[in-house]
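The structure under discussion appears below in the form of structure tokens.
Read-outs: derived from the displayed coordinates by stated rules, not from any lab. It should be emphasised that the depicted structure is a prediction, and the values quoted were computed from it without experimental measurement. Neighbour counts are summed over all protein chains in view; Cβ atoms, including those assigned to glycine, are modelled from backbone coordinates with ideal geometry.
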Amino acid sequence: MTQSTFDPAVDPAARRSAGGAKWTRYDADVIPAWVAETDFAPLPEIVAAAHAVADSALFGYTGDEHRLTDACAGWLQRRHDWAIDPRCVIPMVDVMQGVEVAVTALSEPGDGVLVTTPVYYPFFDVAPSAGRRQVEWPLRRGEQGWEFVVDDLDRILGDDPGISVMLLSHPHNPTGRVMDRATMDRVVAVAAAHDVMIVSDEIHHDLVYPGARHRSMLTAEGGADRVVVSTSAAKTFAISGLRSSVLICGTQELKEQIRHAHPRMLLGQVNRFGADTTIAAWEAGDAWVDGLMTHLTAMRQVLIDRLAGEAPLVRFHPPEATFLAWLDVGRCGLGDDPAERLLAEARVAVQDGAAFGTGGPDHIRLNFGTSAELLNEILDRLIPHLQG
Ligand SMILES: Cc1ncc(COP(=O)(O)O)c(C=O)c1O
């Protein structure tokens, strides 16, 4: 069957009137480039699946999570050449619920939970809200961009034997870094040496640019009984509001351990709108995602070219994945809160880097998951403020 293709057009007025946080948080003259959500029209099969649920008028219990876990396995096999056992998948409401469920199942109150900074800032709520201690593994910025230095990890874990879980954003939000296979293997080996489990948030897994390749942490050497993956179709297809995700384990034992660590009712059950739309994405979204990535690759290049040519004071390592650009604007004279200044003066809403923790001050995170027209308008507005 022919699959629907991607349409790179964006109608700002339609986006705004549709509602949603991205387009309504700020005044109507502000272009939103903050939250990690693209602006594109959804995959038509997702819309059709939502209509089909409504039209069926069958809103009772479904009792069928296998269609979701099978669709997940199919997508991972086709897109990532990764064979999972669908029986080792736990449906969840959203990726951060999966993260919290896994972290708390694999640690005890008072244990250390390691996060890689700078990082997607809701990670900073995970340990404190669960009575765990947050510990940092700061990335280092080198000539090639932000690096995961595994010797640092080894030292941090050696210094603090109370750390029991490491929480990864993989691919990494906000730097867009994709760990290579050798680094992944070393991370898992070091974690094993210190008896540390890994919870890997892989929500950006599909959004990888030519030259890099995403491999799940679970596929690293020794990962099967040490890594739990939380992921969904939400970032790829911009369906975060439909609330559906999966937790993937490498073994049935680990799955049962995580499931039984929590009162069953607390985990909730599958929502049919979320599940059916996610199934549609994973069964019929291949051609659409290919088109999305062709477009995002072009937008990333627009950003690279325009910043290099018109705003050379900005330090920027192009992301290997995600539609997010992590820009060091420390030399641009924007003061302590560059995002606030750019909102006030350029009328573009970007994300404040300081919120991403160590390594974040002086940075902004810019979402370039939009049309060429809007991205150029965003850059037309920002660049005069990035020239020092
Ligand atoms: C790394 C990462 N994890 C999780 C989320 C949020 O996922 P969810 O809404 O499914 O919890 C985001 C959203 O931006 C993200 O970038």
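Note on the chain: helix-only mean residue ellipticity at 222 nm, from DSSP H runs of 4+ residues weighted -39500 (n - 2.57) and normalised by residue number, equals -12000 deg cm²/dmol. Taken over the Cα atoms of segment 61-284, the convex hull encloses 115 Å³ per residue. By the Kirkwood approach, averaging reciprocal distances over each pair of separate Cα atoms, the chain gets a hydrodynamic radius of 21.5 Å.
Taking the fewest neighbouring Cβ atoms within 10 Å as the starting point, the ordered list for Asp111, Asp380 is Asp380, Asp111. For segment 61-284, the Cβ-based charge dipole about the Cα centre amounts to some 480 debye (Lys, Arg positive; Asp, Glu negative; other atoms uncharged). Once you sort the root eigenvalues of the Cα gyration tensor of segment 310-388 as a ≥ b ≥ c, which label holds: rounded (a/c under 1.5), prolate (a/b larger than b/c) or oblate (the other case)? Rounded shape, in that the Cα axes give a/c under 1.5. DSSP assigns beta bridges within the chain; of those with both partners inside it, close to 50 percent run antiparallel.
A Cβ-based charge dipole, computed about the Cα centre of the chain with Lys and Arg at +1 and Asp and Glu at -1, lands at about 200 debye. Each residue of segment 197-205 was assigned a 3J(HN,Hα) from its phi angle through the Karplus curve 6.51 cos²θ - 1.76 cosθ + 1.60 (θ = phi - 60°); the sequence is 8, 10, 10, 10, 7, 10, 4, 9, 4 Hz, with glycine and proline shown as x. Shown in residue order for segment 46-57 are the 3J(HN,Hα) couplings computed by the Karplus curve 6.51 cos²θ - 1.76 cosθ + 1.60 at θ = phi - 60°: 5, 4, 4, 5, 5, 4, 4, 5, 4, 5, 5, 6 Hz (x for Gly and Pro).
Choose one answer from Leu292, Leu266, Leu254: the residue with the largest mean-square fluctuation in a GNM of the chain with alpha-carbon springs under 10 Å. Top of the fluctuation ranking is Leu266. Here's how it looks for Leu168: its modeled amide H is under 5 Å from those of Val199, Ser200, Asp201, which are all 5 or more places away or on a different chain. The mean sequence separation of alpha-carbon pairs under 8 Å and at least six residues apart, normalised by the residue count of the chain, gives a relative contact order of 24 percent.
Residue exposure proxy: Val314, Val178, Val228, ordered by other Cβ atoms within 10 angstrom of their Cβ from fewest to most, comes out as Val314, Val178, Val228. Extension gain, Asp70 to Asp336: 0.36 nm times the residue separation minus the Cα-Cα distance gives 90.9 nm. Backbone geometry of segment 374-383 corresponds, through the Karplus equation with coefficients 6.51, -1.76 and 1.60 at θ = phi - 60°, to 3J(HN,Hα) couplings of 5, 4, 5, 5, 4, 5, 4, 6, 6, 4 Hz, x marking Gly and Pro. Between amide H atoms placed 1.01 Å from N, distances below 5 Å from Val196 occur with no residue 5 or more places distant or on a separate chain. Protection proxy ranking for 81-88, 235-242, 13-20, using the average of other Cβ atoms within 10 Å per residue and placing the highest first: 235-242, 81-88, 13-20. Projecting label points 7 angstrom from Cα along Cα→Cβ for Ala9 and Glu253 puts them 5.6 nm apart. If the segment from Arg264 to Arg133 were pulled out straight at 0.36 nm per residue, it would be longer than the present Cα-Cα gap by 44.6 nm.
Were the residues from Arg78 through Glu108 laid out at 0.36 nm apart, the gain over their Cα-Cα distance would be 7.1 nm. For Glu147, nonlocal amide neighbours, meaning residues 5 or more places apart or on other chains whose placed amide H falls under 5 Å from its own, are Arg140, Arg141, Gly142.
Listed by Cβ neighbour count within 10 Å, with the fewest neighbours leading, Glu100, Glu253 appear as Glu253, Glu100. Annotation: the antiparallel percentage among DSSP beta bridges lying fully within segment 61-284 is about 35. Charged side chains reduced to their Cβ positions (Lys and Arg at +1, Asp and Glu at -1) give segment 267-388 a dipole of some 140 debye around its Cα centre.
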